[in-house]
1. Kindly indicate the residue of region 212-265 that is free of Cβ contacts under 8 Å to residues at least 60 places away in the same chain and buried (at least 19 other Cβ atoms within 10 Å of the Cβ) and also nearest to residue 137 (Cα to Cα) among those meeting that condition.
2. Could you check how many residues of region 59-76 are crowded, with 18+ Cβ neighbours inside 10 Å and touching a residue at least 60 places away in the same chain (Cβ under 8 Å)?
3. Against the condition in a helix (DSSP H, G or I), within 26 Å of residue 69 (Cα to Cα) and modelled with pLDDT of 85 or more, how does residue 135 come out, does it pass?
4. Could you check residue 56 against (1) over 32 Å from the mean Cα position of the chain (by Cα); (2) farther than 27 Å from residue 281 by Cβ; (3) surrounded by 14 or more Cβ atoms within 10 Å (Cβ to Cβ) and say which number it fails?
5. Looking only at helices (runs of 4 or more DSSP H) that lie completely in region 173-286, which have at least 2 residues being more than 30 Å from residue 50 (Cα to Cα) and at pLDDT below 80?
Amino acid sequence: MLLRAGLPIAALGDSGSPETAVLFDGRIEEDERRSIAEPAAGELVRAVLLVCRESGAPLAAALRRQAEVHRALAQGCRDVEVATAGPRATARIVSLLPIAGVVGASLLGFDVLGALSGSGLGTALAAAGLLLSVAGAAWSRRIIASARPRLREPGVLHELTGIALGGGLPLVAALEIAMAAAGPVEGLLASDTPPSGTQGEPSALREAASDVEAVVTTAHRSGAMLRPLLLARADLRRRRRAASVRARIERLPAALLAPLGLCSLPAFLLVGVVPALIAVVSSTVR
């Protein structure tokens, strides 16, 4: 809208909203929910500006589409935070089970603390329960962290190539400019899966370029217009990425059952239940 009003690009960072300023000068807001998406948004906008400058493509239309992409990225980050809120709360509650066991047994009149500190067996139970509790909490945090994906924008190269084509460049020149502009944001193209280390494995940028070439081949064989196909392919890659993220988040509760069953519950038994039984037996013997 500011470009349509006649403002130069250099004035956008000062005349727009704080979000617009962040996009152009790279500042990061303190708000945790926004700080995830805005640095990447700034890099993407700079890539679009470069392609528009080199190709002569209409800048306002390109930035308007990028604004839609950025909103989708930010919404995806918020969706991930909301989806992981329940599993994070569950992990915190489960990690407190051993403490709850000790407190509950003490309230029922069992000398659990005395049983834990009064003998070598009690000390061993306390140490084993503490180790299992710490291991379970760390395991749960690691599972949740692995399920929270890094920010990715798999349609970058397709978008930039489509923008360059919109400026009237031939395909080879458009792809070269798009590749050069996408270089600084290649990290956004990479998948969450670490590379296998296989020699000759293509980079994320080269893989995206191969996909662009496949779209070009499809357009050539079918006679369809190339630019709409590229933009549609970019949207498809984003939807596949979002579906993969949703599937990973939905598997999170089942994955958290492993630390619950192997660490947290045994720690609860060792610290809360077994010492209570020891206290009962000791009082009966006396």
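1. In this case the residue turns out to be 212.
2. 6
3. Considered against the rule, which asks whether it is in a helix (DSSP H, G or I), within 26 Å of residue 69 (Cα to Cα) and modelled with pLDDT of 85 or more, residue 135 comes out as no.
4. (3)
5. Numbers: elements: 204-222, 226-250, 252-255, 265-268, 274-285.
Of the helices (runs of 4 or more DSSP H) lying wholly inside region 173-286, those with at least 2 residues that are more than 30 Å from residue 50 (Cα to Cα) and at pLDDT below 80 span 274-285.
The values are calculated or read from the model by the stated rules, or taken from the named source; none is laboratory data. Please read all numbers here as calculations on a predicted model, not as lab measurements. Ideal geometry is used to build each Cβ from the backbone, glycine not excepted, and the neighbour counts take in all protein chains shown.
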